[in-house]
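Novice: Submitted below is the structure of interest, expressed as structure tokens.
The values are calculated or read from the model by the stated rules, or taken from the named source; none is laboratory data. Every value quoted in this text rests on a predicted model; they were computed, and no experiment measured them. Positions of Cβ are backbone-derived with ideal geometry, glycine not excepted, and every protein chain shown enters the neighbour counts. Ligands, DNA and RNA are stripped out before the accessible areas are found, and what is left, the full protein with its side chains, is counted by its heavy atoms. Shrake-Rupley method; radii C 1.70, N 1.55, O 1.52, S 1.80 Å.
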Amino acid sequence: MDSSKPLNPFFTDTTDIPDEYFCDRKKETQDIIGYIVNGSNIVIKAPRRIGKSSLIKHIFNQASIRDYYNTLYVDIYGTKNASDFRNELQRCFLNAPFAQESKTKKNIESYLKSLQIDLGSYSETGFNLPKIGIGNYQAPQYTIDEVFNWFEKADKPAIIVFDEFQQIEYYPERMAGILRSYIQQMRNTKFIFCGSSKHMLNNMFSHYNKPFYNSAKSVDLDIISLSAYTDFVTSIFTGYGKTIDIEAIEFTYYLFSGNTYLMQELMKLFFSVTESGKRADMDSLLQCLTSMIDSKDADYRDLINRLNSKKERNTLYCIAGEGIARGLTSTAMMKRYDLDNASSVQNALENLCGENLKIAVRIAKGVYMLQDRLFELWIASRGGYLDLKLSHPKERFDKERKIMESIPEIIPPKR
Ligand SMILES: Nc1ncnc2c1ncn2[C@@H]1O[C@H](COP(=O)(O)OP(=O)(O)O)[C@@H](O)[C@H]1O
Ligand SMILES: [Mg+2]
């Protein structure tokens, strides 16, 4: 086999995917590069694991960006306040690929020295930042605007990405206002804000009384199309001398509602069990699916054990069982899933959807789904009804898309 080829070309545990193994996103890549070149800030929204972060890395990797911009990627998912934000910004800045080029490194060093801050140890391999709290040493601290200022003064324009940007809304500080005042003044630097909570990002960027109102072009990243994914998988299998039934790809796509991570995870396994010269068929796919479900056993057990009460568990089982669950407080539903009363179901729903658990999501008024389709399948498998889930995945997919795409009915005026 060609030694430059990866052993398994389906990538799941990284967002740095070589272009040859990156599926589609051609239009999105082109559009976003166009917005950047035209000087817009951008906000990218999509549910978790659809491929936002990978798309950004992919864009950074294109020659028209890589060769002309300083790019910085900052994931603020785990941050809780402005100080965490600053630390993460600093860490990513000092470790960014462009900051490792010797000329830039020197430039950053002298810039930071000019701020008259104790730099700690700065070696050939970059800044050696000791962890705060070890001994008496305090890592050098730059303010957010000092870091932003470096980008403003650099000889190349910059793109700074804040991934999971909605996180700033949980900070005790009024972070949106603080950032907005910096960002507004920056000329050499454009921003991409990215996040999984469409609801929160819409609130931050589309409300006229919010600091970020109208400050970025909005991109709703959809799932990859079935035809693009089918072509992608087929050509990878073929490239390794394997064949795959189209039916198996379509089944995977519908079953996971186009969730990139889950599809790639299953295809990775499917690819690995298919020997060169052999055909990957539905029987083999279903076996892979079973192992994929089983491999998450410990995690999902743990998740269920974190639930407070039987009410919460049964509400979870109800959503999982229904798939797309509506009318949870109807008498029939409460009876079937052994749910107590409407208000306890309501409480359970709030917890399941809340910041702590994030197990379920409300997709429309009174309509709920689990966030993780694999968890739904795991519950079905442990409940002895997985066959039901596997019987009509396309119908389920179509139903879900219809709900996602629908807007409240528009009443036309009288002509
Ligand atoms: N276009 C793509 N082609 C191939 N794999 C992808 C693509 N987009 C995402 N992935 C895979 O799916 C997983 C989830 O994508 P990620 O970018 O982390 O999603 P998000 O940032 O939206 O949560 C990644 O681990 C990556 O390997
Ligand atoms: Mg991400």
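Novice: Just how large is the dipole of segment 226-295 about the Cα centre, in debye to the nearest 20, putting +1 at every Lys and Arg Cβ and -1 at every Asp and Glu Cβ?
Specialist: Values: 4 positive and 9 negative charges, 41 e Å.
Taking the Cα centre of segment 226-295 as origin, the dipole is about 200 debye.
Novice: Any chance you could run the full-extension gain for residue 19 through residue 152? It's 0.36 nm times the residue separation minus the Cα-Cα distance, nm to one decimal.
Specialist: On the way: separation 133, 0.36 × 133 = 47.88 nm, distance 3.00 nm.
Taking residue 19 through residue 152 to full extension adds about 44.9 nm, to one decimal.
Novice: Here's a follow-up. In square angstrom, rounded to the nearest 10, how much accessible surface does residue 387 have for a 1.4 Å probe?
Specialist: Roll a 1.4 Å probe over it and residue 387 shows about 110 Å².
Novice: Further, regarding this structure: Quick check on packing: order 185-193, 161-169, 62-70 by the mean number of other C-beta atoms within 10 Å, highest mean leading. It would help to have the intermediate numbers written out before the result.
Specialist: Details: 185-193: 19.1, 161-169: 22.6, 62-70: 14.1.
Most protected by this proxy first, the peptides run 161-169, 185-193, 62-70.
Novice: Go through 210, 394, 113, 242 and list them by solvent-accessible area, largest first, probe radius 1.4 Å.
Specialist: Reading off the accessible areas and sorting them downward yields 113, 394, 210, 242.
Novice: How large is ³J(HN,Hα) for each residue in segment 374-388, as worked out from phi by the Karplus curve 6.51 cos²θ - 1.76 cosθ + 1.60 (θ = phi - 60°), to whole Hz, x for Gly and Pro?
Specialist: Once rounded to whole Hz, the list reads 5, 5, 4, 5, 5, 4, 4, 5, 6, x, x, 10, 4, 3, 4.
Novice: Can you pull out the trypsin sites (Lys or Arg not before Pro) in segment 351-386 whose DSSP state is coil and whose Cβ has at most 12 other Cβ atoms within 10 Å?
Specialist: Sites meeting the loop and neighbour criteria: 365.
Novice: Can you work out the Karplus-derived ³J(HN,Hα) for every residue in segment 87-104? Use 6.51 cos²θ - 1.76 cosθ + 1.60 with θ = phi - 60°, whole Hz, and x for glycine or proline.
Specialist: So the J values, rounded to whole Hz, are 4, 5, 4, 4, 4, 5, 4, 6, 9, 4, x, 5, 6, 8, 5, 4, 5, 5.
Novice: If the chain between residue 308 and residue 401 were fully stretched, how many nm would it gain, using 0.36 nm times the residue separation less the Cα-Cα distance?
Specialist: So the chain would gain 30.3 nm between residue 308 and residue 401.
Novice: Separation between the residue 228 and residue 181 pseudo-spin-labels, each 7 Å from Cα along Cα→Cβ, expressed in nm?
Specialist: 4.1
Novice: In segment 375-415, which GluC sites (Glu not before Pro) are in a loop and have at most 16 other Cβ atoms within 10 Å, using DSSP for the loop call?
Specialist: Sparse-neighbourhood loop GluC sites (Glu not before Pro): 409.
Novice: Further question: Mind giving me the nanometre distance, one decimal, between the label points for residue 198 and residue 27, set 7 Å out from Cα along Cα→Cβ?
Specialist: About 1.6 nm separates the two model spin labels.
Novice: Turning to a different aspect of this structure: Based on the Cα atoms of the chain, what semi-axes does the equivalent ellipsoid have, where each is the square root of 5 times one gyration tensor eigenvalue, given in whole Å with the largest first?
Specialist: Three semi-axes, in Å: 40, 29, 22.
Novice: Per residue of segment 170-182, in order, report the coupling 6.51 cos²θ - 1.76 cosθ + 1.60 (Karplus, θ = phi - 60°) as ³J(HN,Hα) in whole Hz, putting x for Gly and Pro.
Specialist: 8, 5, x, 7, 8, 5, 4, x, 4, 5, 4, 5, 5
Novice: Here's a follow-up. If you roll a 1.4 Å probe over the chain with all protein chains in place, what percent of the accessible area is carbon or sulfur? It would help to have the intermediate numbers written out before the result.
Specialist: Working: 10710 of 21890 Å².
Carbon plus sulfur share of accessible area: 49 percent.
Novice: Rounded to the nearest angstrom and ordered from largest down, what semi-axes does the equivalent ellipsoid of segment 264-395 get from its C-alpha gyration tensor (root of 5λ)?
Specialist: Working: eigenvalues 200, 46, 31 Å².
The answer is 32, 15, 12 Å, longest axis first.
Novice: With every protein chain present, what is the per residue accessible area of the chain (1.4 Å probe, Å²)? Let's see the in-between values first.
Specialist: Working: 21890 Å² over 415 residues.
So the chain comes to 53 Å² accessible per residue, rounded to a whole number.
Novice: Considering the options 115, 100, 348, tell which one lies farthest towards the positive end of the dipole of the chain, charges being +1 on Lys and Arg and -1 on Asp and Glu at the Cβ, about the Cα centre.
Specialist: Comparing the listed Cα positions along the dipole, 348 ranks first.
Novice: With both partners inside the chain, how many of the DSSP beta bridges are antiparallel, as a percent to the nearest 5?
Specialist: On the way: 9 of 30 bridges.
Antiparallel bridges make up about 30 percent of those DSSP assigns within the chain.
Novice: Would you pull out the residues with amide H under 5 Å of residue 190's amide H, same chain only if 5 or more places away, H placed 1.01 Å from N?
Specialist: So residue 190 has HN proximity to 158, 159, 160.
Novice: Same structure, new question: Given a Förster radius of 56 Å and the C-beta distance between residue 174 and residue 394 as r, what FRET efficiency does 1/(1 + (r/R0)^6) yield to the nearest 0.05?
Specialist: So the FRET efficiency works out to roughly 0.75.
Novice: Then there is this: Which far-off residues, 5 or more places away or on another chain, put their amide H under 5 Å from the one on residue 218, with H placed in the peptide plane?
Specialist: Placed amide hydrogens put 43 under 5 Å from residue 218.
Novice: Using every Cα-Cα pair within segment 25-220, state what percent have a distance larger than 24 Å.
Specialist: Details: 7674 of 19110 pairs.
Value for segment 25-220 (Cα pairs over 24 Å): 40 percent.
Novice: What angle do you read, to the nearest 10 degrees and between 0 and 90, between the alpha-carbon axis of helix 310-322 and the longest principal axis of the chain?
Specialist: Taking Cα atoms only, the helix is inclined about 80 degrees.
Novice: Can you find, among 171, 56, 69, the residue farthest towards the positive end of the dipole of segment 25-220? Put +1 on the C-beta of Lys and Arg, -1 on that of Asp and Glu.
Specialist: Positive-end residue among those listed: 56.
Novice: Using a 10 angstrom cutoff on alpha carbons, build the Gaussian network for the chain and name the most mobile of 201, 303, 266.
Specialist: 303
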